[in-house]
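Novice: Let me give you the structure first, and then I'll get to my questions.
The values are calculated or read from the model by the stated rules, or taken from the named source; none is laboratory data. Quantities reported herein were computed from a predicted structural model and do not represent experimental measurements. Cβ placement follows ideal geometry from the backbone for every residue including glycine, while neighbour counts extend to all protein chains displayed. Side chains are part of the model used for accessible areas, which takes the heavy atoms of the whole protein and leaves out ligands, DNA and RNA. Shrake-Rupley method; radii C 1.70, N 1.55, O 1.52, S 1.80 Å.
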Amino acid sequence: MKHGTRLLAAALSLVLCLGCLSVPAAAADQEEMLQVLALLSVMNGDGQGELHLDRTATRAEFVKMCVSASVYQDRGDSPTGLTIFSDVPAGHWAAGYLAAASGAGWLKGDLDGRFRPDEGITLAEAADIALRMLGYTDADFTAQWPASQMELCRSLELDEHISASSGQTLTRLECGWLIYNLLSAPARDGTVYCAGLGYALDADGEIDALALMDSELSGPLVAEEHWTAQLGFTPRKVYRDNQESSPAEVAAWDVLYYQKETATVFAYSTRHTGTI
């Protein structure tokens, strides 16, 4: 699976007269992945926008990411009033996400009815959920668990950029890669997963980052000295020229694209100018 530097952005500048030209901006693989997941509200970090990429992901966190990258994304925040698993009370922050995933047939609890939401998720467990999101069922796995799941996971390249072995827990970064790889993977019926969510594909048959940006972001906006006031919200996550950055590094005349719901800002300093 190719994960390249495909993320492009239009840059706008006003210098004496109005000039405008779209220019390509190269992005590292990881930055593109994080930007796509931010646009999809799959991984946005804590209240300060910190992603804690090196921390072990819990089982509940991974399910939340999966539901956010699915047709059930609107159900996660909805209170269920139900206790699906014995160790996940109805008021648990992840109860809605676990109920949505369970209802979709992606996961089951232990024999005693527990889900163990705060334990780290292993690659085998995460791969099993991802494959069920692609439409695979128990009937598709003939070997003893998790041999069949891992073989299919590798053949679909869902484990690209993931160093953990089958029984090892995943970091939040590795969970991000698994979800990102899932977006461009073929489902059991042959369709590309992200196409089923209504997202466009690029020439390589993968999620089109530029089209996603166009559909999910507001802008462009030319940054002034007090640019956060122009937005009307306090940014939690800032990318500048496709690199993770901070509000302090955004300069006047930068071109801003933003997503208010996730308080994410994409700033671009590269520009071409001219007269009309």
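Novice: Over the chain, with the other protein chains present, what is the accessible area per residue in square angstrom, probe 1.4 angstrom?
Specialist: 46 Å²
Novice: How much net charge surrounds Ala126 when only other residues with a Cβ under 13 Å from its Cβ are counted (Lys, Arg +1; Asp, Glu -1)?
Specialist: -2
Novice: Say each of Thr142 and Thr234 gets a label point 7 Å from the Cα, pointing the same way as Cα to Cβ; how far apart are those two points in nm?
Specialist: Modelled inter-label distance: 5.8 nm.
Novice: Same structure again: What FRET efficiency do you get for Ala252 and Ser218 if R0 is 25 Å and r is their Cβ-Cβ distance, rounded to the nearest 0.05?
Specialist: Details: r = 19 Å, r/R0 = 0.78.
Given R0 = 25 Å and the Cβ-Cβ separation, E is 0.80.
Novice: Sticking with this one: Under 15 Å between alpha carbons, and skipping anything fewer than 8 positions from Lys237 in its own chain: which aspartates and glutamates qualify?
Specialist: Qualifying aspartates and glutamates at Cα under 15 Å: Glu31, Glu32, Asp46, Glu50, Glu249, Glu261.
Novice: Assuming 0.36 nm per residue, please report the length gained on full extension of the stretch Glu157 to Leu53 beyond their Cα-Cα distance. Display every interim value, and only then the final one.
Specialist: Working: separation 104, 0.36 × 104 = 37.44 nm, distance 2.09 nm.
Additional length available on full extension: 35.4 nm.
Novice: Here's another thing I want to ask about it. How do Phe62, Phe141 stack up against each other in accessible area, from largest to smallest, with a 1.4 angstrom probe?
Specialist: The residues order as Phe141, Phe62, largest area first.
Novice: Further question: If one computes the Cα centroid of segment 59-109 and of segment 182-213, what distance in Å separates the two points?
Specialist: 24 Å
Novice: In addition: In debye, nearest 20, what is the charge dipole magnitude of the chain about its Cα centre with +1 on Lys and Arg Cβ and -1 on Asp and Glu Cβ, if you could check?
Specialist: Charge dipole, the chain, about its Cα centre: 320 debye, nearest 20.
Novice: Of the accessible area of segment 54-129, with the probe set at 1.4 angstrom, what percent is carbon plus sulfur?
Specialist: On segment 54-129, the fraction of accessible area on carbon and sulfur atoms equals 49 percent.
Novice: Let me ask you something else. Distance in nm between label sites at Gln243 and Thr83, each 7 Å beyond Cα in the beta-carbon direction?
Specialist: Roughly 5.1 nm, to one decimal.
Novice: Only Cα pairs under 8 Å and at least 6 apart count here; give the relative contact order of the chain as a rounded whole percent.
Specialist: In percent, rounded to a whole number, it is 25.
Novice: While we're looking at this one, here's another question. Taking R0 as 22 Å, what's the FRET efficiency between Val71 and Thr191 from their Cβ-Cβ distance, rounded to 0.05?
Specialist: Result of the calculation: an efficiency of 0.95.
Novice: Here's something else I'd like to know. Note down the accessible area of Ile179, probe 1.4 Å, to the nearest 10 Å².
Specialist: 0 Å²
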